[in-house]
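Please read the structure below before turning to the comments.
The values are calculated or read from the model by the stated rules, or taken from the named source; none is laboratory data. As the structure is a prediction and not an experimental result, all values here were calculated from the model. No Cβ is skipped: glycine too gets one built from the backbone with ideal geometry, and neighbour counts run over all protein chains shown.
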Amino acid sequence: MMNKSGYQSFISHIKTTLAPFKAFIKRRAQGHLPYDYLVPAGPYQEQWDWDAFFMGVALAADISAESIYLRNWTLNFIHNAKQNGKVAGCLTAKGFDERLNHMKPLLAQGAYLAGKFLKDYRWLKPYYTKLKKIVLYREKHLWNKKYDLGVWFDSMESGADNNIAALDYPKKTAVATDLNTFIYREYKALSLLAQILGRKKDVKFFQKRAEILKKNINKYLWNKEDEIYYNIYAKTGEHIKRVSYNSFIPLWGEIATPQQGKATIKRYLVSPKYMWSEYGIRTLAKNDPDYNNANIIKPYSNWQGPVWPIANYMYMQGLLNYGFQKEAIELARKISRLVINDIKTSGGMHENYDAETGKPLAAPNFVSWNLLVGNMLEEAKNNKNPFVI
């Protein structure tokens, strides 16, 4: 075990090692992206919804002045939104990229956190009405009325492209745990923004909607017998019983009760039989028949087993939320070593890693949400969470 000095030394080493990579993700404003923006360096040159959201928070949590990029991310999406609130999850200098039907429910969170880091929300006031339309678009067009919960348009829209718990189901039929956690946080964020910006009616409306979402997630998506959250296939009403990445996002969003959180962590997340591996936490349970660590970045990046730094960051915060700090620290150390070893060996980072060998799998020279790795051990040791809403 490391002593306090050892941890501080390792934290400094991680930050120093990752710091030069920040330069690769920043782009100047151009075309339909009127504000300087962030891209996942490597094979990508577009502003993506959750990549840039998590990158923006990673930058801001380290240096608060850099939260200007999180503000810019918010404004670029608002600028590109249609009158009805629809905006693609991927933007280019030429405009919409239809690969992601509608952006993930992260915009209000990004706006709230940007203002929090900047200590200034005045920039958002002229755009509040349009922001609200974007947030509510999903409830009007991508919603299941029976459960009063959101649905993914398809697995690609989810970002976890080939997640087995959403892949190959018909469009708009996966009532998903990750999606609805994001929406719950969106409504919480919009309620806070409404309060800050003097929109009194919206404060109570979005606060109440958030409470209803949380109640419905626990009512319909929690499986009491299996002690885990599952997606629902809307056409049959049955749980999609796959122990996958999305099952644990409600822990990151603090949707689970203390009892539920502890039960699912002990039974699945820290169990080598299911999710826990020597190199981090998997994206699909090891005992699932479709579990694999293949490099299938094309046509889908692989969420069927490999270790993803972004998923592990959310797992880590979920562990902290339910009192598993020791495991959170261990996980942060594993992912930090994984990334640092990759940089030493290949000169860069990859999008994901083999859960059984730790070897890099896909997208060499990838710089995106893996910048959060620079903050993981410090946050785990100090029980910090820059995403708190």
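The table below lists the values:
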item	result
Residue check, ASP226 among the charged types (D, E, K, R), part of a loop (DSSP other than H, G, I, E, B) and on the phi < 0 side of the Ramachandran plot	yes
Qualifying positions in segment 89-116 - part of a loop (DSSP other than H, G, I, E, B) and at pLDDT 95 or above	GLY89, HIS102, MET103, LYS104, PRO105, LEU106
Residues located in segment 345-389, provided they are under 20 Å from the mean Cα position of the chain (by Cα) and of a type in the set (Lys, Arg)	LYS384
Members of segment 250-290 that are in a loop (DSSP other than H, G, I, E, B) and among the aromatic types (Phe, Trp, Tyr)	TYR274, TYR279
Qualifying residue in segment 64-72 (condition: at pLDDT 95 or above, under 30 Å from THR129 (Cβ atoms), assigned to a helix (DSSP H, G or I) and acidic (Asp, Glu))	yes
Filter pass, LEU377 being of a type outside the set (D, E, K, R), in contact with a helix residue (DSSP H, G or I) (Cβ under 6 Å, 6 or more places away or on another chain) and under 15 Å from PHE21 (Cβ atoms)	no
Pairs, first more than 17 Å from SER368 (Cβ to Cβ) in segment 7-22, second in a helix (DSSP H, G or I) and aliphatic (A, V, I, L, M), C-beta under 6 Å, six or more apart	ILE11/LEU377
Helices (runs of 4 or more DSSP H) contained entirely in segment 301-389, each with at least 2 residues that are in contact with a strand residue (DSSP E or B) (Cβ under 9 Å, 6 or more places away or on another chain) and of a type outside the set (Val, Ile, Thr)	309-321, 325-346
Residues being hydrophobic (A, V, I, L, M, F, W, C), surrounded by 17 or more Cβ atoms within 10 Å (Cβ to Cβ) and either out of contact with any Phe, Trp or Tyr (no Cβ under 8 Å at 6 or more places or on another chain) or modelled with pLDDT under 95 (or both) - total across segment 117-142	5
Residue in segment 230-268 that is surrounded by the fewest Cβ atoms within 10 Å (Cβ to Cβ), counting only those that are in contact with a helix residue (DSSP H, G or I) (Cβ under 8 Å, 6 or more places away or on another chain) and among the β-branched types (Val, Ile, Thr)	THR257
Subset tally (residues that are crowded, with 17+ Cβ neighbours inside 10 Å, charged (D, E, K, R) and modelled with pLDDT of 95 or more) for segment 28-61	2
Leading residue by the ranking (nearest to the chain's Cα centre (by Cα)) among those in segment 164-216 that are β-branched (Val, Ile, Thr) and part of a helix (DSSP H, G or I)	THR181
Residues (within 19 Å of ALA362 (Cβ to Cβ), without any contact (Cβ under 8 Å) to a residue 60 or more places away in the chain, among the β-branched types (Val, Ile, Thr) and buried (at least 21 other Cβ atoms within 10 Å of the Cβ)) located in segment 312-351	ILE335
Selection count where residues are under 17 Å from the mean Cα position of the chain (by Cα) and at pLDDT below 95, scope segment 294-344	1
